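Chemist: One structure is given below, represented as structure tokens, and several questions about it will come after.
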Amino acid sequence: MIKFLRIRNLATIEDLELDLEEGFSILTGETGAGKSIIIDSIRLLLGEKGSADLIRTGKSEAVVEAVFLVEEADNTLFIQRQITEQGTGKAYLGGVLVPVKKLKDSGAGLVDIYGQHDHVFLLNLDNHLDYLDSFAGALPLREETGRLAQQLRQKHKEKKEIESLQRDLAQRLDFLEYQIKEIEAADLRPGEEDELRQQRHILKHAEKIAGLLDGALDIASQGEDSLQSLLAKLRTLLKDLSDFDPALGEMGSSLEAADITLREVANQLLKYKEKQAVSPESMEKVEERLDLVERLKRKYGQNLTDIQGHFLRIKEERDRLLHGEEQLTKVKAEIEKLFQEYSSKSGQLSDKRRRAARELENQVEKEIAQLGMKKAKFEVQVLTSAPDPEQADKARDTGQDEVEFLISPNPGELVRPLRKIASGGELSRVMLALKSIGREQERFKTLIFDEIDSGIGGKTAEFIAQKLKDLARRHQVICITHLPQIASHARHHFRIDKKMEKNRTFTTVQKLGFEDRVEEIARLISGSRLTEAALQNAREMLTHNLGPG
């Protein structure tokens with residue numbers, strides 16, 4: 001519900017604030033006072049298109065802002081809309097800048113406006129279906145139907161994919177087999193590419209490596225003055241010296257470890273030299289292997305891991321294709337089973353809708369008769385299309401029915417689509433009837449009725465007032481009216497006035513107390529000339545009609 005509304009620089013409104021409460025509120029005022037501007041400002045908050053023409057003359061921008069009480073979350077929501085001279089504007093939701101279209105999504109659950117051009121609910125056939133299902137208590141069954149429809153569409157998609165693959169089966173299998181054999185024949189090993197590059201590096205510098213090895217071997221063991229021969233001479237000298245000093249002989253013994261180390265180094269160098277003595281074809285083989293790896297990488301991935309991943313995927317695809325017929329048979333059986341379940345549930349849903357449609361027709365006709373449409377005939381059209389097993393992808397979450405509300409406002413006329421032939425006032429009254437008998441679970445929504453009193457009076461106005469009052473027990477109801485019968489039933493009454501100051505027009509709003517309401521309702525009864533009889537009548541109406549709610 002709307003808790004607070006502020007409008008600045010919009011048409012004749014310079015700065016206007018409205019503190020609104022739950023229950024039934026009335027806006028009254030002379031024609032042209034600005035009541036429609038207030039409704040237009042709420043439309044802007046709901047994401048309707050804004051125009052620079054709406055900005056008050058002499059001002060650079062118009063601003064509308066409101067605080068909504070959101071019952072589900074037990075908190076408040078702030079919405080602001082700005083319109084500038086350039087025709088651009090900004091929207092804020094909870095203080096955060098958002099696209100204007102975001103307001104439509106958010107506002108749809110907060111406010112419904114029923115006026116000459118605002119019967120979106122009745123103009124959208126999806127809403128007719130939703131309302132009937134809510135009235136019929138069919139929403140759980142519809143949920144089950146929707147779940148089956150989604151599964152059916154998914155299985156149908158799976159079937160089409162298998163069939164598509166099957167059509168190109170032979171060609172695709174040949175292609176996959178070629179790739180699989182090519183990768184298998186390569187017999188790639190993890191890390192092999194790095195090893196090959198290392199081998200190539202060594203082979204490229206084989207001559208240099210051989211020279212270094214020879215030099216190292218000369219120093220270690222093969223040269224005349226190698227470390228091994230020098231170490232042997234040193235040990236001999238130390239042994240001779242031990243005849244003179246045993247301690248020097250012990251030093252010779254300590255050189256044995258160095259001798260062993262030198263021999264091991266020399267052996268390893270010899271082995272490495274033998275390993276390097278490869279045939280001239282080795283370099284060619286390494287290059288061929290690297291070239292093979294590069295070709296596979298260009299075709300199947302950036303590295304050997306990618307190639308292996310591709311290999312596993314195409315093997316899986318080949319296996320699927322080889323078992324395609326089996327899979328196709330299985331999926332077809334699943335589709336047939338799901339289709340039978342979907343047909344059964346959607347059929348039950350259709351039956352439930354048709355039974356509820358007859359009940360809804362009777363209740364709406366009774367309601368709208370009380371609201372001044374005594375001879376009107378209301379009909380709920382339920383058109384069912386038999387589900388087609390060959391078009392499982394067309395299975396709808398809502399079942400197989402098209403629902404539309406039809407009406408014949410006058411005797412002798414055929415029923416026709418309500419959305420096409422009903423006037424704004426008739427649409428408002430039908431909507432009031434639907435809201436009054438509806439079984440929807442939502443509460444605390446703001447319902448705004450404009451033109452609902454068009455062309456009525458007397459007892460009908462009393463019925464409308466009572467319906468609005470009853471509706472206000474579940475929702476915040478705001479109604480623009482010119483009828484005293486309706487105005488006198490409201491819990492809250494606001495008067496909209498237009499005044500002139502310094503050649504400028506200003507729209508103002510005032511919440512009326514009891515005595516001011518007496519005068520305003522008397523004005524609605526008798527016009528601008530207030531009489532004692534009108535005042536007395538107004539006082540009696542208010543006293544009688546202001547009950548709980």
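The values are calculated or read from the model by the stated rules, or taken from the named source; none is laboratory data. All values reported here derive from a predicted model rather than from experimental measurement. Neighbour counts are summed over all protein chains in view; Cβ atoms, including those assigned to glycine, are modelled from backbone coordinates with ideal geometry.
One line per residue, one yes/no per condition, for (1) surrounded by 14 or more Cβ atoms within 10 Å (Cβ to Cβ); (2) more than 21 Å from Ile42 (Cβ to Cβ); (3) among the hydroxyl-bearing types (Ser, Thr, Tyr); (4) touching a helix residue (DSSP H, G or I) at 6+ places or on another chain (Cβ under 8 Å):
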| residue | (1), (2), (3), (4) |
| --- | --- |
| Asn410 | no, yes, no, no |
| Glu426 | yes, yes, no, no |
| Ile456 | yes, yes, no, yes |
| Lys459 | no, yes, no, no |
| Ile464 | yes, yes, no, yes |
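Chemist: Select the helices (runs of 4 or more DSSP H) contained entirely in the range 189-278, then report the ones holding at least 1 residues which are hydroxyl-bearing (Ser, Thr, Tyr) and more than 60 Å from the chain's Cα centre (by Cα).
Modeler: Because the criterion is at least 1 residues that are hydroxyl-bearing (Ser, Thr, Tyr) and more than 60 Å from the chain's Cα centre (by Cα), the helices (runs of 4 or more DSSP H) in the range 189-278 that meet it are 227-241, 246-254, 256-276.
Chemist: Looking only at residues that are touching a helix residue (DSSP H, G or I) at 6+ places or on another chain (Cβ under 6 Å) and not polar (S, T, N, Q) in the range 380-395, which one is nearest to Leu360 (Cα to Cα)?
Modeler: The selected residue is Val380.
Chemist: Please work out if Arg153 is of a type in the set (Lys, Arg), over 30 Å from Leu296 (Cα atoms) and either surrounded by 17 or more Cβ atoms within 10 Å (Cβ to Cβ) or free of Cβ contacts under 8 Å to residues at least 12 places away in the same chain (or both).
Modeler: yes
Chemist: Of everything in the range 344-377 that's touching a Gly at 6+ places or on another chain (Cβ under 7 Å) and of a type in the set (S, T, N, Q), which residue is surrounded by the fewest Cβ atoms within 10 Å (Cβ to Cβ)?
Modeler: Filtering the range 344-377 for residues that are touching a Gly at 6+ places or on another chain (Cβ under 7 Å) and of a type in the set (S, T, N, Q), the one surrounded by the fewest Cβ atoms within 10 Å (Cβ to Cβ) comes out as Ser350.
Chemist: Taking the condition part of a helix (DSSP H, G or I), among the charged types (D, E, K, R) and within 37 Å of the chain's Cα centre (by Cα), does Arg320 pass?
Modeler: Yes; evaluated as a whole, the condition is true for this residue.
Each row is one residue, and each column tells you yes or no for (1) surrounded by 14 or more Cβ atoms within 10 Å (Cβ to Cβ); (2) touching a residue at least 24 places away in the same chain (Cβ under 8 Å).
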position	(1), (2)
Tyr178	no, no
Leu188	yes, yes
Glu193	yes, yes
Leu196	yes, yes
Arg200	yes, yes
Ile209	yes, yes
Leu217	yes, yes
Glu224	no, no
Leu234	yes, no
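Chemist: May I pose another question? Go through the range 155-188 and count every residue that is of a type in the set (D, E, K, R) and either at positive phi or outside any helix (DSSP H, G or I) (or both).
Modeler: Number satisfying all stated conditions: 2.
Chemist: Answer yes or no: is there a residue in the range 329-342 that is within 40 Å of the chain's Cα centre (by Cα), within 30 Å of Gln154 (Cα to Cα), among the hydroxyl-bearing types (Ser, Thr, Tyr) and surrounded by 13 or more Cβ atoms within 10 Å (Cβ to Cβ).
Modeler: yes
Chemist: To continue, here is another question. Quick check: anything in the range 157-167 modelled with pLDDT under 80 and of a type in the set (Lys, Arg)?
Modeler: Yes: the range 157-167 contains one or more residues that are modelled with pLDDT under 80 and of a type in the set (Lys, Arg).
Chemist: For the subset of the range 163-176 comprising residues that are surrounded by 13 or more Cβ atoms within 10 Å (Cβ to Cβ) and hydrophobic (A, V, I, L, M, F, W, C), which member is nearest to Lys271 (Cα to Cα)?
Modeler: Restricting to residues being surrounded by 13 or more Cβ atoms within 10 Å (Cβ to Cβ) and hydrophobic (A, V, I, L, M, F, W, C), the top hit is Leu176.
Chemist: Further, regarding this structure: Are any residues in the range 467-494 in contact with a Gly (Cβ under 7 Å, 6 or more places away or on another chain) and closer than 16 Å to Glu451 by Cα, and if so, which ones?
Modeler: Residue satisfying the conditions is Leu483 alone.
Chemist: Would you confirm whether any residue within the range 41-59 is buried (at least 18 other Cβ atoms within 10 Å of the Cβ), of a type in the set (Gly, Ala, Ser) and more than 30 Å from Ile521 (Cα to Cα)?
Modeler: yes
Chemist: Next question. Starting from residues that are buried (at least 19 other Cβ atoms within 10 Å of the Cβ) and in contact with a helix residue (DSSP H, G or I) (Cβ under 7 Å, 6 or more places away or on another chain), keep the ones in the range 94-120 and report whichever is farthest from Ala357 (Cα to Cα).
Modeler: Going through the qualifying residues, I end up with Leu103.
Chemist: Go through the range 420-452 and count every residue that is at pLDDT 80 or above, of a type in the set (D, E, K, R) and over 14 Å from Glu367 (Cβ atoms).
Modeler: Total meeting the criteria: 3.
Chemist: Continuing with the same structure: Just give me the residues in the range 207-232 being under 19 Å from Leu255 (Cβ atoms) and of a type in the set (Asp, Glu), in sequence order.
Modeler: Correct list: Asp225 only.
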